[in-house]
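Worksheet: the structure to be examined is printed underneath.
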Amino acid sequence: MVDPHLAGRTILVTGGNSGIGEATVRAFAAQGAHVVLHFLDAETLVPPNMGHSVAGRARAEAIAEDVRAAGGGIDLADGDLLDPSVPARLFDRAGPVDILVN
């Protein structure tokens with residue numbers, strides 16, 4: 001279902017490079033929204049990743065490539081949301097956000 005009210009809206013999706021987050025990114029982009037896909041990059045974790053599964057940058061870039069190939073608008077923004085400075089940086093990168101999915 002296409003919602004004409006989503007066209008041109010900016011949507012920030014945290015954890016958008018796997019599972020429900022990925023499906024959400026793809027659905028909003030398919031409906032004409034500009035999506036900012038936030039992801040956790042295991043390469044930049046401090047302290048280093050302690051064995052947890054992290055989809056990471058490569059998966060985020062693959063999703064972005066798919067969305068762009070389908071004509072959608074998407075930007076990527078990484079960061080560990082345990083760092084208190086990251087949420088402000090995400091919003092600065094995204095610009096005015098109409099919808100937040102986290």
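The values are calculated or read from the model by the stated rules, or taken from the named source; none is laboratory data. It should be emphasised that the depicted structure is a prediction, and the values quoted were computed from it without experimental measurement. For neighbour counting, all protein chains shown are included, and Cβ atoms are generated from backbone atoms with ideal geometry for every residue, glycine included. Calculation scope for accessible area: heavy atoms of the full protein, side chains included, ligands and nucleic acids excluded. Shrake-Rupley method; radii C 1.70, N 1.55, O 1.52, S 1.80 Å.
Brief remarks on what is shown
- Computed from Cα atoms, the angle from the helix 56-69 axis to the main principal axis of the chain rounds to 10 degrees.
- From phi via Karplus (6.51, -1.76, 1.60), per-residue ³J(HN,Hα) for region 30-36 in Hz, x at Gly/Pro: 5, 9, x, 7, 8, 9, 9
- Per residue solvent-accessible surface (Å²) - the chain, probe of 1.4 Å: 58 Å²
- Pairwise Cα inverse-distance average, inverted: Kirkwood Rh of the chain (Å): 13.7 Å
- Portion, in percent, of the accessible area of the chain that falls on carbon or sulfur, probe 1.4 Å: 57 percent
- Between the listed residues LEU100, SER18, ALA70, the Cα displaced farthest toward the positive end of the dipole of the chain, a dipole computed from Cβ unit charges relative to the Cα centre, is found at ALA70.
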